[in-house]
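The values are calculated or read from the model by the stated rules, or taken from the named source; none is laboratory data. Bear in mind that the values here come from a model prediction, so they are computed numbers and not experimental data. Cβ: placed from backbone, ideal geometry, glycine included. Neighbour counts: every protein chain shown.
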Amino acid sequence: MGHAAAVWWAVVTATFLLVHAVPGGTEPAILSLRWSPSAFAAWDQRLGLVGPWWQQYLRWWAAVASGHLGRSWVTGQPVVQVVAQALPYTLLLMGVAMLGTLALGLGLAAWAVLRPKTPSSAAVGTLSQIGLALPDFWVGSLLLWVAARWLPWVPVTGPPAAAGVGSWAARLLPPVATLVFTQAPAWVRLWYVRLDEAWSAPHVLAARALGAGPSEALWRYALPVAWPPVLALVGSQALPALLSGAVVVESLFDWPGMGRLLWQAANAHDLPVVLGGVLASAALTALGSAAADVAEWALDPRRRRPWAGESGGGP
C-alpha cells in the first residue's frame with residue numbers, strides 16, 4: 001500500500017509539472033484575445049496562477065487535503081462533480097474490456113497449448129505478433145468505418161439510444177472491441193508461457209498418467225498453477241494499459257469517460273480538471289495493483305507459506 005501511494009503521488013506530481021511546462025495557457029480558450037494584459041493578470045490572480053510553481057503545487061495539495069479539487073476553468077463546474085460523472089463510464093468500459101481481454105487471451109493460449117506444433121497453434125502465435133503491432137487508433141478507426149458502413153444497428157457516437165441492456169451492449173461494442181483487439185495479443189503470449197510451463201509440471205503429468213484427458217488436465221490441474229502470476233500483472237500492467245488506451249478510444253468513439261475528459265481538458269489547458277482526472281486515474285491504477293498483489297498472496301499458498309519452499313515441506 002505504501003508503494004501504491006508513492007506511485008500515485010509521483011504520477012500526479014509529474015502531471016502537475018508537465019502541465020505547467022507546456023507553452024500557452026488557459027486564457028486564450030476562455031477570454032477574448034482583445035483583453036488587456038491587466039485583465040489577463042487579474043484572471044491569473046483569480047485562478048491562483050501567481051507565484052512560483054512550487055507555491056501553486058503546495059496550494060493545490062492543501063486544497064486536495066481539504067476535499068476540494070477546485071472548479072473547471074472552462075465550465076465552472078466543480079471538478080469532483082465532473083470526475084464523478086465520467087468515472088462510471090470508464091469503469092464500465094474498462095471492466096468489460098478487461099474481462100474480454102483475459103478471456104480471449106486465455107482461450108487462444110489454451111487452444112495453442114492443447115495443439116502444439118500444429119497450423120492452428122502457429123496461427124495463434126502469428127496473430128498475437130501481428131496484434132502487438134496494431135495501434136489502437138488505427139483499429140478503432142477501422143471498426144468505426146466498418147460499423148458506420150455495414151452495421152447500422154451499432155451506434156458509434158453519442159450516448160446509448162435507450163436505457164436497455166441491448167442498447168448499452170451495442171454502444172459498448174466498438175470501443176470494447178478496439179481495446180480487446182489491441183490488448184489481447186500480449187495476454188495470449190503471457191497465458192501461453194504460463195500454461196506451457198504448468199503443462200509440464202509433475203502433478204499435471206501425474207494426472208494425465210492416471211487417465212485425465214488433455215482438456216481436463218489443462219483446466220483442472222494446469223490453470224490453477226498458471227493464473228496467480230497472471231493475476232498479479234492484471235493490476236500492474238492491464239489497468240494502466242487500458243487507461244492509456246481509453247484516452248484514444250473514448251475520444252475516437254465519443255464515449256463520455258475519463259479518457260475523453262482528460263483529452264478535452266488538456267486541449268483547453270484546464271488544469272484543475274486535468275489534475276483531478278489524473279488524481280482519480282492514478283488512484284484507480286495504484287489500488288488495482290495493490291488489490292491484485294493481495295489477491296495473489298491470498299490465493300497462492302506458496303506466497304502465504306514461504307518457509308515451505310518448492311518441496312511442500314514445513315508445518
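Of Ala177, Ala206, Ala246, Ala238, which residue is at pLDDT 90 or above, under 22 Å from Leu134 (Cβ atoms) and part of a helix (DSSP H, G or I)? Write out each step before concluding.
Working: Ala206 fails: under 22 Å from Leu134 (Cβ atoms); Ala246 fails: at pLDDT 90 or above; Ala238 fails: at pLDDT 90 or above.
Residue meeting the stated conditions: Ala177.
Tell me, please, whether a residue that is farther than 16 Å from Thr15 by Cβ and of a type outside the set (Val, Ile, Thr) can be found in segment 258-268.
First, pick out the residues of segment 258-268 that are farther than 16 Å from Thr15 by Cβ: 260.
Filter again for of a type outside the set (Val, Ile, Thr), leaving 260.
The answer is yes; a qualifying residue exists.
Hey, does segment 198-214 have a residue that's under 27 Å from Leu18 (Cβ atoms) and either of a type in the set (Lys, Arg) or buried (at least 19 other Cβ atoms within 10 Å of the Cβ) (or both)? Spell out the reasoning first.
Within segment 198-214, the subset under 27 Å from Leu18 (Cβ atoms) is none.
No: segment 198-214 contains no residue that is under 27 Å from Leu18 (Cβ atoms) and either of a type in the set (Lys, Arg) or buried (at least 19 other Cβ atoms within 10 Å of the Cβ) (or both).
What helices (runs of 4 or more DSSP H), lying completely within segment 59-166, carry at least 2 residues that are of a type outside the set (Ser, Thr, Tyr) and farther than 30 Å from Arg189 by Cβ? Reasoning before the result, please.
Numbers: elements: 79-114, 119-132, 136-150.
In segment 59-166, the matching helices (runs of 4 or more DSSP H) lie at 79-114, 136-150.
Would you mind stating whether Ala217 is at pLDDT 90 or above and either in contact with a strand residue (DSSP E or B) (Cβ under 6 Å, 6 or more places away or on another chain) or crowded, with 19+ Cβ neighbours inside 10 Å (or both)?
Numbers: at pLDDT 90 or above: yes; either in contact with a strand residue (DSSP E or B) (Cβ under 6 Å, 6 or more places away or on another chain) or crowded, with 19+ Cβ neighbours inside 10 Å (or both): yes.
Judged against the criteria, Ala217 is a match.
Pick out the one residue from Leu17, Leu33, Leu87, Leu99 that is at pLDDT 85 or above, closer than 22 Å to Leu271 by Cα, surrounded by fewer than 18 Cβ atoms within 10 Å (Cβ to Cβ) and out of contact with any strand residue (DSSP E or B) (no Cβ under 6 Å at 6 or more places or on another chain). Steps first, answer last, please.
Values: Leu17 fails: at pLDDT 85 or above; Leu33 fails: at pLDDT 85 or above; Leu99 fails: closer than 22 Å to Leu271 by Cα.
After ruling out the rest, the residue left standing is Leu87.
Within segment 183-203, which residues are farther than 14 Å from Leu233 by Cα, touching a residue at least 12 places away in the same chain (Cβ under 8 Å) and either touching a Pro at 6+ places or on another chain (Cβ under 9 Å) or assigned to a helix (DSSP H, G or I) (or both)?
Pro185, Tyr192, Leu195, Asp196, Glu197, Ala198, Trp199, His203
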